[in-house]
1. Among (1) closer than 19 Å to Y19 by Cα; (2) touching a helix residue (DSSP H, G or I) at 6+ places or on another chain (Cβ under 9 Å); (3) free of Cβ contacts under 8 Å to residues at least 40 places away in the same chain, there is one condition K108 misses while meeting the rest; what is its number?
2. Any residue at all in segment 70-93 that is at pLDDT 95 or above, part of a helix (DSSP H, G or I) and not small (G, A, S)?
3. Does K60 qualify as being under 21 Å from E15 (Cβ atoms), at pLDDT 95 or above and open to solvent by 20 Å² or more (accessible area, probe 1.4 Å)?
4. Answer yes or no as to whether F18 is touching a strand residue (DSSP E or B) at 6+ places or on another chain (Cβ under 9 Å) and among the aromatic types (F, W, Y).
5. Of all residues in segment 107-127, how many are open to solvent by 30 Å² or more (accessible area, probe 1.4 Å), outside any loop (DSSP other than H, G, I, E, B) and at pLDDT 95 or above?
6. Test T163 against the stated conditions and say whether it is under 30 Å from N99 (Cα atoms), open to solvent by 30 Å² or more (accessible area, probe 1.4 Å) and out of contact with any strand residue (DSSP E or B) (no Cβ under 6 Å at 6 or more places or on another chain).
7. Go through the residues of segment 12-34 one by one and say whether even a single one is at pLDDT 90 or above, more than 21 Å from R106 (Cβ to Cβ) and open to solvent by 20 Å² or more (accessible area, probe 1.4 Å).
8. Could you tell me which of the residues V13, V71, V39, V85 is closer than 24 Å to S191 by Cβ and either in contact with a Phe, Trp or Tyr (Cβ under 8 Å, 6 or more places away or on another chain) or hydroxyl-bearing (S, T, Y) (or both)?
Amino acid sequence: MMYEINTSALGGVSEDQFYYFCQDNDSLNLERNPNGNFVVNEPSGVETEGYNMDIVFELKLWNRQTQAGQVLGNNAGFTLPNKAVRSPDAAFIQLDRWNSIPPNDRKKFAHICPDFVIELLSESDSAKQLQSKMKEWMSNGCKLAWLINPKKREVKIYRSNGTIVTQSFTKILSGEDILPGFTVNLAAIFSEALI
C-alpha cells in the first residue's frame with residue numbers, strides 16, 4: 001500500500017531537501033509524485049525481497065558478461081522528466097546514457113529515466129497503483145518494463161510503442177532489443193511462490 005503526504009503546507013520541498021530528508025529517514029521507502037507530494041511505500045515481506053534479489057542477480061550477471069550498462073536495485077531513486085522521484089525494484093541504464101549522467105547527479109536521485117525497469121507486485125502493493133506507476137515509467141522514457149505478479153504467476157510487459165502484453169510464468173522472459181540476450185525463467189525463480 002502506498003500513502004501520499006501532501007507537502008503544499010510546507011511551501012514545497014526542493015530536490016535537495018527531499019534527497020536529504022530521504023537520507024535522514026532511510027528506514028522509510030519514499031518517493032515523490034509529479035506534484036511534489038511524498039509517497040510512502042510499505043516495505044515488502046522477506047519472501048518478496050528474496051525473489052527480487054534473485055531477479056536482480058540475473059540482471060546483474062547478464063550485465064557483468066555484456067558490460068552493456070548499469071544495473072541498480074530498489075534503493076536507487078530517479079528524478080524523472082515529470083519531476084517525480086521514483087524507485088523501481090530493479091533498473092538498467094544503457095552504458096552511453098549512464099556515462100552521460102554528471103558524476104554529482106549520480107550521487108543523488110539522478111535526472112534520468114532507466115531504459116528498463118522491473119516492479120514486483122508484493123502483498124503490500126496495490127495492483128492499480130503499480131500499474132499507474134508502470135505507465136509513468138513508460139511516459140517518461142522507459143523503453144521496456146516488467147510488472148511481475150507472483151500470485152497470478154504472470155508478468156505484464158510494457159513496451160515503448162504503448163503495447164502491454166501479459167505473459168505467463170511458463171514462458172521465458174526476454175530483454176528483447178533493450179537487453180540483448182537477457183532472459184529470465186520466472187517459473188524457476190518463483191517455484192515456491194504464494195498461490
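The values are calculated or read from the model by the stated rules, or taken from the named source; none is laboratory data. None of the values given here were measured: they were computed from a predicted structure. For neighbour counting, all protein chains shown are included, and Cβ atoms are generated from backbone atoms with ideal geometry for every residue, glycine included. Please note that ligands, DNA and RNA were not included when accessible areas were found on the heavy atoms of the full protein model with its side chains. Shrake-Rupley method; radii C 1.70, N 1.55, O 1.52, S 1.80 Å.
1. So the condition that K108 fails would be (3).
2. No, segment 70-93 contains no residue that is at pLDDT 95 or above, part of a helix (DSSP H, G or I) and not small (G, A, S).
3. For K60, the condition - under 21 Å from E15 (Cβ atoms), at pLDDT 95 or above and open to solvent by 20 Å² or more (accessible area, probe 1.4 Å) - is not met.
4. Answer is yes for this residue.
5. Qualifying residue count, segment 107-127: 0.
6. yes
7. Yes, segment 12-34 contains at least one residue that is at pLDDT 90 or above, more than 21 Å from R106 (Cβ to Cβ) and open to solvent by 20 Å² or more (accessible area, probe 1.4 Å).
8. After applying the criteria, what remains is V71.
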